[in-house]
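Colleague: Sending over a structure as structure tokens; questions will come in a sec.
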Amino acid sequence: MIPLPVEAEPDIVTAFEQEAELEGFVLTEDGLLPESKSTPYCRVEIPHPTTDESQILVFVLSEQRMQEHRFLTEQSMSTGRRPPRLFNLQFARKVVANLLGEPLKANWKHCVQTEDEEKAMADYIKQLI
């Protein structure tokens, strides 16, 4: 779960849809998971800020992206190269980092804290609980 500022709420769905198009994902209807367990997907739950309801977005790879991946995988096998990645595992993290105005944080390496910073944050959270 990643908390976002309330002001970002109107842009969340649009941001996911735009990034999905760039990554070769398509949005499923009604937030339903794919029938096949082997189908890669990304599920996003967006809680409504004032109610207990949530909007569910489920993205699956487009058929075009799947065909492209199959072709590139076959090509890499014949050349002895490593097959390309099927999809960006950091898809959701990238969208959230952009919504927060921190695009570099899409890469976890830009989120590393010193041990002292981690201890200070842990102490702060303990005070809240």
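What follows is calculated from the coordinates using simple rules that are stated; it is not laboratory data. A quick note: this is a predicted structure, and the numbers were derived from the prediction, not measured. As a convention, Cβ positions derive from the backbone with ideal geometry for all residues, glycine included, and neighbour counts pool all protein chains shown.
Colleague: Could you list the residues of segment 11-25 with an amide nitrogen less than 20 Å from a label point located 7 Å from the Cα of PHE71 in the Cα-to-C-beta direction?
Modeller: 21-25
Colleague: If you don't mind, another one. Just one of (1) 1.06; (2) 1.13; (3) 1.02 is Rg/Rh (Cα atoms, Kirkwood Rh) as worked out from the coordinates here. Which one is it?
Modeller: Label of the calculated value: (1).
Colleague: When a footprinting reagent is the concern and you count Cβ atoms within 10 Å, what order do SER62, SER54, SER36 take, fewest first? Intermediate results must be reported in sequence, preceding the final value.
Modeller: Details: SER62 15, SER54 12, SER36 9.
Ranked by crowding around the Cβ, least crowded first: SER36, SER54, SER62.
Colleague: When the helices in the chain are scored as -39500 (n - 2.57) per DSSP H run of 4 or longer and the sum is shared across all residues, what 222 nm value do you end up with, to the nearest 500 deg cm²/dmol? Display every interim value, and only then the final one.
Modeller: Numbers: 4 runs with 52 residues, N = 129.
After summing the helix terms and dividing by residue count, I get -13000 deg cm²/dmol.
Colleague: Also, quick follow-up: Given H placed 1.01 Å from N in the peptide plane, which residues other than close sequence neighbours of PHE25 have an amide H under 5 Å from its amide H?
Modeller: Hits under the 5 Å cutoff: SER62.
Colleague: Can you give the FRET efficiency for GLN127 and ARG85, using 1/(1 + (r/R0)^6), R0 = 25 Å, r = Cβ-Cβ distance, to the nearest 0.05?
Modeller: Working: r = 41 Å, r/R0 = 1.66.
So the FRET efficiency works out to roughly 0.05.
Colleague: Also, quick follow-up: In which sequence would ASP52, ASP11 go, from the one with the fewest C-beta neighbours within 10 Å to the one with the most? It would help to have the intermediate numbers written out before the result.
Modeller: Details: ASP52 6, ASP11 14.
So the residues, fewest neighbours to most, are ASP52, ASP11.
Colleague: Relative contact order for the chain using alpha-carbon pairs under 8 Å, separation at least 6, rounded to a whole percent?
Modeller: Details: 112 pairs, mean separation 27.6, N = 129.
Normalised by residue count, the contact order of the chain is 21 percent.
Colleague: In the chain, if the dipole is taken from +1 on Lys/Arg beta carbons and -1 on Asp/Glu beta carbons about the Cα centre, which of GLN18, PRO84, GLY101 is farthest to the positive end?
Modeller: Farthest towards the positive pole: PRO84.
Colleague: Shifting gears a bit: With θ set to phi - 60°, apply the Karplus curve 6.51 cos²θ - 1.76 cosθ + 1.60 along segment 99-104 and write out the HN-Hα couplings as whole Hz, x wherever there is a Gly or Pro.
Modeller: Ordered by residue, 3J(HN,Hα) equals 4, 7, x, 10, x, 5 Hz.
Colleague: Moving on. Return the sequence-ordered ³J(HN,Hα) values of segment 77-91 in whole Hz as given by the Karplus equation 6.51 cos²θ - 1.76 cosθ + 1.60 applied to θ = phi - 60°, using x for Gly and Pro.
Modeller: For segment 77-91, the Karplus curve yields 5, 6, 9, x, 8, 6, x, x, 5, 6, 7, 6, 5, 9, 3 Hz.
Colleague: In addition: Could you work out how far helix 12-23 tilts from the main Cα principal axis of the chain, as a 0 to 90 degree angle to the nearest 10?
Modeller: 30 degrees
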